[in-house]
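What follows is one structure encoded as structure tokens, with my remarks underneath.
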Amino acid sequence: MLPLVFVTGNTGKAKEAEIILETPIETIKIDLPEIQSLDIAEIVKYKAQAAYDQIRRPVIVDDSGFYFSAWNGFPGPLVKWIDKAGGIPLMLKMFTHEPDRSAEAICCIGYHDGTSIHTFTGIISGTVTTEARGDRKSV
């Protein structure tokens, strides 16, 4: 039996998945088209179909986003564009005068088994800090 395939450029994600699932996972990095949507499950389903169409094997894909309550869930999965524009320093600057700092980090995993696409979503609630912590400059 072939190992599961995780289509990602982040080998760390695949290693974490191997530990959680207790099964070997092959990592393949391919460029996938990504639709622009605030619905993370819709993005993941699209990516799963595109990945399956390219490699013709069952695949795992993922996407994630930050959902800020004060901004009605924006930027959601579009957070990568804020990250590219200025990363954590820009995000903190945008929140300077925001009284509601509650947020959710959401990750959605998609699995295409060759017949259908299954999605799984995890949510962590938290608060946007007032200053950067750690040594990372991007989300």
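The values are calculated or read from the model by the stated rules, or taken from the named source; none is laboratory data. Only a predicted model underlies this, so the values are computations on that prediction, with no experimental measurement involved. Note that we place each Cβ from the backbone using ideal geometry, even for glycine, and neighbour counts take in every protein chain shown. The area values use the complete protein model at the heavy-atom level, side chains included, leaving out ligands, DNA and RNA. Shrake-Rupley method; radii C 1.70, N 1.55, O 1.52, S 1.80 Å.
Scanning the stretch 33-54 for residues that are more than 21 Å from Phe74 (Cα to Cα) and open to solvent by 40 Å² or more (accessible area, probe 1.4 Å) yields Pro33, Gln49, Asp53, Gln54. If the condition is being outside any loop (DSSP other than H, G, I, E, B) and among the β-branched types (Val, Ile, Thr), then the stretch 91-139 contributes Ile106, Ile109, Ile117, Thr119, Thr121, Ile123, Ile124, Thr127. Given the structure, is Ala132 surrounded by 14 or more Cβ atoms within 10 Å (Cβ to Cβ) and over 17 Å from Thr8 (Cβ atoms)? Spelling it out, it is not the case that Ala132 is surrounded by 14 or more Cβ atoms within 10 Å (Cβ to Cβ) and over 17 Å from Thr8 (Cβ atoms). Number of residues in the stretch 93-118 that are surrounded by 16 or more Cβ atoms within 10 Å (Cβ to Cβ), over 16 Å from Phe6 (Cβ atoms) and in contact (Cβ under 8 Å) with a residue 40 or more places away in the chain equals 1.
Scanning the stretch 72-92 for residues that are open to solvent by 50 Å² or more (accessible area, probe 1.4 Å) and of a type outside the set (Lys, Arg) gives Asn72, Phe74, Trp81, Ala85, Pro89, Leu90. Flag not set for Val5, criterion: under 16 Å from Asp113 (Cα atoms) and within 16 Å of the chain's Cα centre (by Cα).
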